[in-house]
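Working notes, structure below.
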Amino acid sequence: MFFDFGAGEILGLALLAIILVGPDRLPNLAVDAAKLVKKIKALSQSATSELRQNLGPGFEDLKPSDLHPKKFIQKHITNALEEDESAPAKFKAKIDPDLL
């Protein structure tokens, strides 16, 4: 569902919030939490757009998940292997006639 939480877990967290915060202050807390999530989302979007702008052309389709080290290395190794397969062989291995 949401961050791999089940319905029972969300219901349990809601019940715990009602008990700890109280039903009077819970709506205000929910509004404040929603504002915080909205602010964090706007911050991450602006950081991503600023990163795209600073990297320059060629990175318009950049996603933050592309910067994960594992995916980054995997992408570059795949590109290097594809270039290696498409490049013509520069030399061919020959057997030394003296060894025959």
Could you tell me which residue out of 22, 80, 33 lies farthest along the dipole of the chain toward its positive end? Charges go on the beta carbon: Lys and Arg +1, Asp and Glu -1, centred on the Cα centre. 22
Whole-Hz ³J(HN,Hα) for each residue in the range 72-77, computed from phi via Karplus 6.51 cos²θ - 1.76 cosθ + 1.60 with θ = phi - 60°, x for glycine and proline: what do you get? 4, 5, 4, 5, 6, 5
Under a plain spin-label model, where a point goes 7 Å from the Cα along Cα-to-Cβ, how far apart in nm are residue 10 and residue 53? 3.5 nm
What's the magnitude of the charge dipole for the chain around its Cα centre, counting Lys and Arg as +1 and Asp and Glu as -1 at the beta-carbon? Answer in Debye, nearest 20. 420 debye
Using the Karplus curve 6.51 cos²θ - 1.76 cosθ + 1.60 with θ = phi - 60°, what ³J(HN,Hα) values do you get for each residue of the range 78-83, in whole Hz, with x for Gly and Pro? 4, 5, 5, 5, 5, 5
Output ³J(HN,Hα) for the range 29-46: one whole-Hz value per residue in order, computed from phi by the Karplus curve 6.51 cos²θ - 1.76 cosθ + 1.60 with θ = phi - 60°, and x for Gly and Pro. 5, 5, 5, 5, 5, 5, 5, 5, 5, 5, 5, 5, 5, 5, 5, 5, 5, 5
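Every read-out reported here was derived from the displayed coordinates using simple, explicitly stated rules and does not represent laboratory data. Keep in mind it's a predicted model, so treat the numbers as computed, not measured. When we count neighbours, we look across all protein chains shown, and the Cβ atoms used for this are built from the backbone with ideal geometry, even at glycine.
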